[in-house]
Amino acid sequence: MKTALIIPAHNEANHLRQMLNSVCAQTRIPNEIIVVDDNSTDNTYEIANQFSKQYSFIQVIKHHSTAVHEPGSKVVKAFYAGFNQLKKEYDLIGKFDADLILPPDYFEKITNLFINNPKIGMASGLLYIKKGDAWEFEAISEKDKVRGPIKLYRKACFNQIGGLKKAIGWDTADELLARYHGWEIATDKTVHVKHLKPTGASYTKKSRFKQGEAFYRMRYGFLLTGIAAAKLAFRKKSSIFLFDTLKGYCRAKKEQKEFLVSEEEGKFIRDYRKKGILTKLFFKKQTDL
């Protein structure tokens, strides 16, 4: 299977060299890699350019966007700047962050998931962050979720879900839409990726209501948004996050923000999420007995 990898990078000079070294040391190297320098003010471009001169499969492009970090939309726009420059057709398309260190067999193991099961639409390993001297699972989501920094898509699935949404929540919307279209999602829990910059580290105060807006645009409804927000707030150990999310939802509803999914897709998403909640509650009840 041929693989294309796109790496959006904004001011990632401290991490990009480690990321690209880990990609170039893979037992199965992607066929084409495009690093998108997204309006960096450090030497991100120069570092990426050094690799492009050394490796023919690496290309670097400049993308001129706002310097302000906009959760979701900024990175997806940079992704598409690279996606539109792909020279060939590929079986797998990857959207990876620039602040990672991949184990050497990452693409070999994840590609094998796609090869062994044609129903898999997207797959990844797991993200780990450094806590003291140890690397611990970045527990802001379940281990069966394909995280945004390490997404690998089967092209047919990518096309069917309409690609990536240019908004926060894109990495949840794409997984739910993939399930809506009958695709399976897979993670290899033995594949641990070092995440050098924990999720949300670059978010600004202006972005704190964006999670609630994302839930509204995915048609969660207020009750489901409250449950999802409470769950995330517990993991983040932040009660303020819960209130900001609910406020963001109400703001988006008042402003009648455009939905990311259709009514039918929204109904599927709500039913799928409710089923997941009931399943976990039932399982917990059974284990408590």
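Numbers below:
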read-out: Listed residues 63, 192, 181, most fluctuating in the chain (Gaussian network, C-alpha, under 10 Å); value: 181
read-out: Cα-based helix-to-principal-axis angle, 170-180 vs the chain, degrees rounded to 10; value: 70
read-out: Degrees, to the nearest 10: 263-288 long Cα axis against longest axis of the chain; value: 80
read-out: Contact order normalised by residue count of region 3-195, Cα under 8 Å, 6+ apart, percent; value: 25
read-out: Given charges at beta-carbon only (K, R positive; D, E negative), |dipole| of the chain in Debye; value: 960
read-out: Residue among 111, 225, 279 with the largest mean-square fluctuation in a Gaussian network model of the chain, springs linking Cα atoms under 10 Å; value: 279
read-out: Most fluctuating residue given options 54, 85, 211, as computed from a GNM of the chain linking Cα atoms under 10 Å; value: 54
read-out: Using alpha carbons only: equivalent-ellipsoid semi-axes of region 208-288, gyration tensor based, whole Å; value: 23, 18, 7
read-out: Kirkwood-based Rg to Rh ratio, region 130-285, C-alpha trace; value: 0.95
read-out: Largest-first ellipsoid semi-axes for region 102-204, taking √(5λ) over the Cα gyration tensor eigenvalues, angstrom; value: 24, 18, 10
read-out: Square roots of 5 times each gyration tensor eigenvalue, C-alpha, region 1-66, largest first, Å; value: 20, 12, 10
read-out: When the chain is reduced to its Cα atoms, the Kirkwood hydrodynamic radius in Å; value: 19.7
read-out: Within the chain, percent of DSSP bridges classed antiparallel, to nearest 5; value: 35
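Every number in this text was worked out from the coordinates using simple rules, so none of it is lab data. Keep in mind that this is a model prediction, so the values were computed, not measured. No Cβ is skipped: glycine too gets one built from the backbone with ideal geometry, and neighbour counts run over all protein chains shown.
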